[in-house]
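To start, the structure under review is shown below, and the notes come after it.
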Amino acid sequence: MITLKGRDFLTLADFTPEELRYLLDLTHYLKEQHKKNADPPLLAGRTLGMIFRKNSTRTRVSFMAGMAQLGGQAIALSPDELQLSRGETLADTAKVLSRYLDAVLIRTFGHEEVLKWAAEATIPIINGLTDWVHPTQAVADLVTLEEKKGQLKGLKLAYVGDGNNMVHSLLLGAAKLGVHISAACPPGYEPQAQVVALAQTAAQDSGASIEITSDPKTAVAGADAVYTDVWASMGQEEESEARKKVFAPYQINMDLMVHAKPDAIFLHCLPCHRGEEVTAEVVDNPASVVFDEAENRLHAHKAILAAVLVSPVI
Ligand code: CP
Ligand code: NVA
């Protein structure tokens with residue numbers, strides 16, 4: 001029996017394929033229950049604290065709504081208003097918050113910060129995005145892929161764009177669940193070798209293949225799903241203009257989509273910039289499932305919360 005009770009949720013690298021399977025199954029279950037107006041009150045009396053050092057629409061609102069749907073509540077903790085901003089240590093803050101809250105969600109810059117929170121807190125810490133990885137998004141993406149294609153094993157996911165936090169989590173999640181992944185990134189913007197190595201190890205067990213290329217057409221060829229993300233992530237705003245030139249050949253447009261399978265879907269974590277990493281024609285096309293994907297954040301987040309706080313048997 002799988003239990004994730006008490007675990008932190010920091011990177012998909014920390015989870016076995018069976019644990020990820022449990023999270024996906026729990027997500028599908030909680031989505032079905034929500035559609036039947038029968039959300040189980042799994043988190044009654046539980047409180048989530050949320051700390052955002054970067055902007056967020058989907059992560060912030062879906063975690064808050066998700067807590068409410070499962071009978072709990074969420075409190076937004078503005079970092080500027082915590083004593084943390086006046087010099088109270090992270091360790092003391094984490095210990096104090098652990099006495100009030102049941103879990104803390106953190107979105108920040110350096111991944112080391114969530115590791116410090118996890119080391120100091122006695123409650124689960126959930127990574128709501130760092131510069132290194134975006135694991136809650138990748139769970140929702142895999143759920144969406146499975147929902148649209150009926151399976152995961154053997155599918156081909158193409159990622160075209162920056163070798164950033166998003167592709168890091170997709171590489172780890174896809175490799176563990178048997179999804180072939182091909183990432184096309186400009187030279188110098190590839191995913192970290194350390195993450196690719198972790199994915200390759202996981203792929204040996206699942207039968208997935210991992211390909212890193214600089215050619216978008218190679219990545220997209222025969223793909224079941226095509227994924228992209230912004231060219232300049234949060235914190236890279238100053239590089240934005242320079243990146244537009246480097247990444248121009250990596251835009252997802254109709255000319256590139258024709259290389260994927262005829263029934264390929266388009267995914268994007270959002271927010272997107274129409275006319276940059278993806279054309280409006282692609283993102284607003286019937287093959288684009290970006291809003292179902294955004295909705296699935298809600299159900300995936302409920303699953304992650306329920307898993308680390310209760311681990312219900314489903
Ligand atoms: N995809 C995602 O994490 O969206 P937000 O930045 O709006 O949370
Ligand atoms: N790579 C993007 C993802 C946003 C959801 C960023 O970090 O800004």
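The values are calculated or read from the model by the stated rules, or taken from the named source; none is laboratory data. These figures come from a predicted structure and were not determined experimentally. A quick note on method: Cβ atoms are made from the backbone with ideal geometry, for glycine too, and the neighbour counts reach across all protein chains shown. Protein only, heavy atoms only, side chains kept; ligands, DNA and RNA dropped before computing areas. Shrake-Rupley method; radii C 1.70, N 1.55, O 1.52, S 1.80 Å.
Before moving on, here are some points about what is shown:
- For segment 49-87, a residue qualifies if it is over 17 Å from A303 (Cβ atoms), within 14 Å of ligand 1 (Cβ to nearest atom) and in contact with an Asp or Glu (Cβ under 9 Å, 6 or more places away or on another chain), and exactly one does: R53.
- Residue within segment 184-201 that is over 17 Å from the mean Cα position of the chain (by Cα), open to solvent by less than 60 Å² (accessible area, probe 1.4 Å) and among the polar types (S, T, N, Q) present: no
- G110 within 16 Å of ligand 2 (Cβ to nearest atom) and either touching a Cys at 6+ places or on another chain (Cβ under 9 Å) or open to solvent by less than 70 Å² (accessible area, probe 1.4 Å) (or both): yes
- The condition of being over 22 Å from D39 (Cα atoms), hydrophobic (A, V, I, L, M, F, W, C) and assigned to a helix (DSSP H, G or I) holds for only one of V61, V143, V114, V133, that being V114.
- From the list A138, A65, A158, A103, the one residue that fits, being modelled with pLDDT of 95 or more and surrounded by fewer than 22 Cβ atoms within 10 Å (Cβ to Cβ), is A65.
- Residue match in segment 41-48 (condition: charged (D, E, K, R) and either more than 16 Å from ligand 1 (Cβ to nearest atom) or exposed (fewer than 15 other Cβ atoms within 10 Å of the Cβ) (or both)): yes
- Among residues of segment 140-154 that are within 13 Å of K176 (Cβ to Cβ), those with a Cβ under 8 angstrom from a residue that is open to solvent by less than 50 Å² (accessible area, probe 1.4 Å) and β-branched (V, I, T), sequence gap 6+ or separate chain, pair up as L142/V179; L152/V179; K153/V179.
- Each residue in segment 240-271 was checked for being under 23 Å from the mean Cα position of the chain (by Cα), open to solvent by 30 Å² or more (accessible area, probe 1.4 Å) and farther than 19 Å from A219 by Cα, and 2 pass.
- Hey, E295 closer than 30 Å to H34 by Cβ and either open to solvent by 50 Å² or more (accessible area, probe 1.4 Å) or touching a Gly at 6+ places or on another chain (Cβ under 8 Å) (or both) or not: yes
- Among the residues listed as V278, V230, V220, the single one being within 16 Å of ligand 2 (Cβ to nearest atom), farther than 21 Å from T59 by Cα and either under 15 Å from the mean Cα position of the chain (by Cα) or buried (at least 17 other Cβ atoms within 10 Å of the Cβ) (or both): V278
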